[in-house]
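Worksheet for the structure shown next.
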Amino acid sequence: MKPDIYTQVGSIRLERPTMLASGILGISLDVFARLYQAGAGALVTKSLSKEPWEGYVNPTVIGVEAGYLNAVGLSNPGAPYFAKMISSNKTIPIIVSLVGSVEEDFTFMIKQFEDAKILGYELNLSCPHVEKVGLEVGDDPELVKKIVKSVKSKSKVPVIAKVGLGSSDYLDTVQAACEAGIDAITAINTLRAMAIDVETARPILSNKIGGLSGPAIKPIAVRCVYEISSKFNIPIIGCGGISDWKDAIEFIFAGSSAVQIGSVIGEKWIGVFSEINDGISKYMEKKRFSKISEMVGIAKRF
């Protein structure tokens, strides 16, 4: 019997375990439809703010060894505009990513999506290159608690916290989010990094510091998923450097119930979703797993 690759992230059911990561192709309903048809189990939007943000000037994305550096600056059209743009959605499983610096930012944005058909929210508590949001929020456990409690009190759908590695222990951020009632954790975001042009001696990115993504960060992300899974009883979505089905299985064994795909889309395009899904299914059949939940966290047995 062919394995079933549906998965559960808390109360969120996904027909397939691969999701679009936030920040990649995440601002168009038409693109979401294409990605869903291509095999993505859910689509996470670009991080949306209370008001439109222009982001940084170019260069904002560059290729580096084993990955990419980006400092786009969370450019987005703003939550009110985006909510109207997806108001016609009926069938596409969308998770809305939100970014802000105070409770009021998030409660305002949630109000915009009250009538939208979405699976849930992902709170971006870990952007590494924009001041006063992202990592600065995630590094403050008390602020994390306030934001999560506020969002949970207003939201009609599950809420996910995306954590990263900042100046404080990321496990403290996870604990704060769990104590405030978060429904799931996404781990991890990009890592603070930079590149310098040796001919000009100038930082290459316009913002100088950016976020490193791609295969270079995968072992770190796997470690974080494993640590979170070992310490907290919370559903996890693994993210960071996933390029093929073997990477996805590794994250699942570490403790994630689903995985997010990002940088590799730049190399393999949207066919990577079905490629990874098929690889997971064949592996499960070979190893006689009947469903994803049988594999989640089994590396912790050893």
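The values are calculated or read from the model by the stated rules, or taken from the named source; none is laboratory data. What you see is a predicted model; the values in this text were computed from it and never measured. Glycine also receives a Cβ, built like all others from the backbone with ideal geometry; neighbour counts cover every protein chain displayed.
I need a count of the residues in the range 156-171 that are under 12 Å from residue 141 (Cβ atoms) and among the charged types (D, E, K, R).
Of the residues in the range 156-171, 1 are under 12 Å from residue 141 (Cβ atoms) and among the charged types (D, E, K, R).
Restricting attention to the range 14-72, report how many residues are within 27 Å of residue 235 (Cβ to Cβ), β-branched (Val, Ile, Thr) and at pLDDT 90 or above.
4
What is the number of the single condition among (1) at pLDDT below 95; (2) outside any helix (DSSP H, G or I) that residue 233 does not meet?
(1)
Please indicate, with yes or no, whether at least one residue in the range 199-207 is aliphatic (A, V, I, L, M), in contact with a helix residue (DSSP H, G or I) (Cβ under 6 Å, 6 or more places away or on another chain) and touching a residue at least 60 places away in the same chain (Cβ under 8 Å).
No, the range 199-207 contains no residue that is aliphatic (A, V, I, L, M), in contact with a helix residue (DSSP H, G or I) (Cβ under 6 Å, 6 or more places away or on another chain) and touching a residue at least 60 places away in the same chain (Cβ under 8 Å).
With surrounded by fewer than 20 Cβ atoms within 10 Å (Cβ to Cβ) and either out of contact with any helix residue (DSSP H, G or I) (no Cβ under 8 Å at 6 or more places or on another chain) or of a type in the set (Val, Ile, Thr) (or both) as the only criterion, which of 107, 7, 18 stands out?
Going through 107, 7, 18 in turn, just one is surrounded by fewer than 20 Cβ atoms within 10 Å (Cβ to Cβ) and either out of contact with any helix residue (DSSP H, G or I) (no Cβ under 8 Å at 6 or more places or on another chain) or of a type in the set (Val, Ile, Thr) (or both): 107.
Among the residues of the range 176-185, is any of a type outside the set (D, E, K, R) and within 27 Å of residue 208 (Cα to Cα)?
Checked the range 176-185: no residue is of a type outside the set (D, E, K, R) and within 27 Å of residue 208 (Cα to Cα).
Quick check on the range 47-61: of everything there that is in contact (Cβ under 8 Å) with a residue 40 or more places away in the chain and crowded, with 19+ Cβ neighbours inside 10 Å, which residue is farthest from residue 112 (Cα to Cα)?
Top of the filtered list is 56.
Hey, residue 207 hits all of (1) closer than 23 Å to residue 168 by Cβ; (2) in contact with a Phe, Trp or Tyr (Cβ under 9 Å, 6 or more places away or on another chain); (3) not in a loop (DSSP other than H, G, I, E, B) but one; which does it fall short on?
(3)
Residue 238 versus (1) part of a helix (DSSP H, G or I); (2) within 22 Å of residue 94 (Cβ to Cβ): which is the lone unmet condition?
It is condition (1) that residue 238 fails.
So that you can scan it fast, the table gives a plain yes or no per residue for (1) over 17 Å from the mean Cα position of the chain (by Cα); (2) assigned to a loop (DSSP other than H, G, I, E, B):
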position: 1; (1), (2): yes, yes
position: 19; (1), (2): no, no
position: 25; (1), (2): no, yes
position: 33; (1), (2): yes, no
position: 50; (1), (2): yes, yes
